[in-house]
Amino acid sequence: MIGLLTRVGALIDTRGGKARMAHFRAGWAAAATPQVKFHRTEKVQYRYLEAGSGRTIVFTCDPPMTIEVYGPLVAAFSLHFRVIVVELPAMGFSATTSDYAFGFRETNDDLATFLRAVAGERSILAFSCVASLAALDIAGRTPELASHLALIQAGGSQAFAIWKAGRDPKGILARPIAGQLVMARMALKRIPQWYGLSVGRKEQIPQFCDCAERSFANGAMWSLASAYQIYMRQRAELPRPAQPILSIWGASDGSHPASNKHSLARLYEGVRTVTFDDLGHTPELEAPDLVLAAILDFAVIS
């Protein structure tokens, strides 16, 4: 059960959601990047980009990243795929209603609704970081939505519990209300620190920071405290879905302990692994051509 203070904390991140939705549809978020669209479910107005044709592959933006930094990835992948890049609920410019409570199944079910309506069935789910848990859950419970899972910096529930503890060692973000207020005040300051820790190709950090600063200046969200407090309460490991799984790992990601590397391969049988030694937490953005080659090979063989 979610306590009252935790629920109040989540409301800090979702307040004014309907006004945000209207503002995003009419403002910078709608015009900053070509091919951006919005899709409304019961609780979320997803902001996403769609490009290319053919087999569908879906990427989730890993906050504080927003769609604006995915241009090179889209250019590379759209030569081979119909590419969808989506911002997660209450992250980036995917505004939510105040009824959205960051629940694990709640979030995954809503993402599945988005996938069914926008991506269609049998997509390749290239979800990253914590969103990989959503991909595993969605693929297991609604298998028709996914043909393959190409998961980036992924792990099981226990691996992300370790990651979460390392990223919030003092438990500040884990405190209801206080965590949300601290995150709102410190988000812009955390961005250079996060990229300095997580990005493998350091020469790309200024570009990532510039993109994030523009997005946040125009209202982008990073509801990390609410995600920590509620979505990441998931502790039981998920059953292995039937789809082929590829684990893509950037070994120069300083945000994950070494023990988390390809932990999916230890958790589940038959997981293929690809490691990029000089790439970090978002290898698909640091070197999209290398990740594209790995996914093309995986999708053809499996």
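For a footprinting-style exposure proxy, rank Met183, Met65 by other Cβ within 10 Å, fewest first.
By the 10 Å Cβ count, ascending: Met183, Met65.
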Just grab the label-to-label distance for His39 and Leu4, each label 7 Å out from Cα along the Cβ direction, in nm (one decimal). 3.9 nm
For the residue pair Ala19 and Ile177, what label-to-label distance in nm results when each label sits 7 Å from Cα along the Cα-to-beta-carbon direction? 2.2 nm
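Taking the Cβ of each residue in Glu286, Glu203 as the centre, tally the other Cβ atoms inside 10 Å and list the residues starting with the fewest. Let's see the in-between values first.
Details: Glu286 23, Glu203 8.
Fewest-to-most Cβ neighbours within 10 Å comes out as Glu203, Glu286.
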Provide the per-residue ³J(HN,Hα) series for the stretch 109-114, in order, calculated from phi with Karplus coefficients 6.51, -1.76, 1.60 and θ = phi - 60°, each as a whole number of Hz, with x at glycine and proline positions. 5, 5, 4, 5, 4, 4
Report the Cα centroid-to-centroid distance between the stretch 36-57 and the stretch 214-264 in angstrom, as an integer. 21 Å
Using a 10 angstrom cutoff on alpha carbons, build the Gaussian network for the chain and name the most mobile of Thr97, Thr41, Thr107. Thr41
Candidates Val36, Val182, Val85: whichever shows maximal mean-square fluctuation once the chain is modelled as a Gaussian network with Cα springs under 10 Å: Val182
Stretchable slack from Glu213 to Thr275, in nm (0.36 nm times residue separation minus alpha-carbon distance): 19.3 nm
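Please work out the FRET efficiency for the pair Arg141 and Ala117, using the Cβ-Cβ distance as r and a Förster radius of 25 Å; give the result to the nearest 0.05.
E(calc), rounded to 0.05, equals 0.90.
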Pull up the DSSP beta bridges for the stretch 4-301 and report the antiparallel fraction as a percent, rounded to 5. 35 percent
Count the lysine pairs in the stretch 4-301 that are 8 or more places apart or on different chains: how many have C-alpha atoms under 25 angstrom apart? 9
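May I have the convex hull volume per residue, in Å³, for the Cα set of the stretch 4-301?
Working: hull volume 33.8 nm³, N = 298.
Expressed per residue, the convex hull around the Cα atoms of the stretch 4-301 is 114 Å³.
Values quoted throughout were computed directly from the atomic coordinates according to the rules given, and no laboratory measurement underlies them. All values reported here derive from a predicted model rather than from experimental measurement. Virtual Cβ from ideal backbone geometry, glycine too; neighbours counted across all protein chains shown.
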